[in-house]
Amino acid sequence: MFNKDTIRTIREQSHEMEQTGRLTSQALELIYDHQLFKLFVPKELGGNMTPLPEALRIFEETAWIDGSLGWLVNIGSGGGFFTSSISPEVSPRLFANREAVIAGSGFPAGKAKPVEGGFVVSGQWKFCSGSTHATIFTANAVIDNDPIRSFIFLPEQVQILPDWNAFGLKATSSHSIIVKEVFVPEEMTFDLIHSPHHFQDPIFYYPFVPFAQASFAATAIGIGQHFLEEANQLLEKNRTAWTASSPDRVTFVKDQIEEMEQVFNRSVNDFHQIVDDSWAQQLRQHSLTEEEQQRISLQCQKTAQTALRCAGAIFPLLGIHAVMEEAPINRIWRDLQTACQHTMLVPYRDVDITNQE
């Protein structure tokens, strides 16, 4: 999708982005030019509606270029999933802008009080990736004892608390947001589960949890692919020095990388197979059973953990320079650790990465 010059340019800016904690203007322009924040926005709203399997491969490619870039494309485009639940009177003005993108949180950390014409909302929500370039914010709040509802805020209603201090995915601006006694009209609220679908694209009927897990897993895959690529490059760069200090070292490291590549690639193939099959079933208008959704979830977790453990098996073999934060392999490794820490990718059970059946 991207030419070699573009890939090289973005990677040359990766260290700068990590230092500043946000994407460069060139990286953002790349996203806007390719409508990567609009992969799930209906064409009626000026979007670039994309089949799920194709979108997942875009997440992989952008994460392979740079972990923070891929994470933000995944998160930013995922906000398009909400467009079908948002009032059709509101969505055109929210998503028509070329740079339109949502940042927010699904955790119900706010409280909303019903008032005439809408609600007064207060709250603080953590981990809102893309907060510094978002044009729309969404967050969940509790209304007295009623079910949780989602609220839409404009940037001028939101205070960003710069507290994203993770050791990886540093350029994602995943800061907290705060709103204090903000009035939100009824039309600027929605219920992702119970709202009627205003658009009929197949993605809006795909179960949300497997959709989100597959998106996160695809991002982890892309970062994992970059890690293996960089590990091979380090091997070649250090071949002479490593051979001089320890004749068996190069062969040992090479064999380990090749073994981990095979394990990783098998799991990636299994991931794409199960998601592709589920999408084909969705297009046939056959709803996924609870058991099928569980299978997708487990494979997403399994593949992410496979990427993590394969990288973990290789990283200690790459020499002392790999522990330096400015080393590309170090940044990639930290990005992978951080991406796979997302609760949707943690299986909370033992996962055998050698068994991909």
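Accessible area per residue of the chain at 1.4 Å probe, in Å²? All intermediate terms of the calculation are to be shown ahead of the outcome.
On the way: 16330 Å² over 357 residues.
Accessible surface, normalised per residue, equals 46 Å².
Using a 1.4 Å probe on the protein heavy atoms, what percent of the accessible area of the chain belongs to carbon and sulfur?
Of the solvent-accessible surface of the chain, carbon and sulfur hold 52 percent.
Taking Cα atoms, how many degrees apart are the long axis of helix 290-314 and the longest axis of the chain, rounded to 10 and kept between 0 and 90?
40 degrees
Would you check the chain for Lys pairs whose C-alpha atoms are within less than 29 Å, ignoring same-chain pairs closer than 8 in sequence, and give me the count?
19
Just add up the charged neighbours of Ile296: K/R +1, D/E -1, any other residue whose Cβ is under 12 Å from the Cβ of Ile296.
Result for the local shell: -4.
If you take the beta carbon distance between Lys113 and Asp191 as r and set R0 to 22 Å, what does 1/(1 + (r/R0)^6) give as a FRET efficiency, to the nearest 0.05?
Plugging the Cβ-Cβ distance into 1/(1 + (r/R0)^6) gives 0.80.
Applying a 10 Å radius around every beta-carbon, put 200-212, 55-67 in order of their mean neighbour count, most first.
Taking the mean over residues of other Cβ atoms within 10 Å, the ranking is 55-67, 200-212.
Report the calculated FRET efficiency for Glu291 and Met324 (r = Cβ-Cβ distance, R0 = 45 Å), to the nearest 0.05.
In this case the efficiency is close to 0.45.
From the gyration tensor of the Cα coordinates in the chain, what semi-axes in whole Å does the equivalent ellipsoid have, largest first, with each one equal to sqrt(5λ)?
So the three semi-axes of the chain are 37, 23, 18 Å.
Given the C-alpha centroids of segment 102-152 and segment 196-263, what is the distance between them in whole angstrom?
35 Å
The values are calculated or read from the model by the stated rules, or taken from the named source; none is laboratory data. For clarity, every value in this text was computed on a predicted model and none was experimentally measured. Virtual Cβ from ideal backbone geometry, glycine too; neighbours counted across all protein chains shown. What goes into the accessible areas is simple: the full protein's heavy atoms, side chains included, and nothing from ligands, DNA or RNA. Shrake-Rupley method; radii C 1.70, N 1.55, O 1.52, S 1.80 Å.
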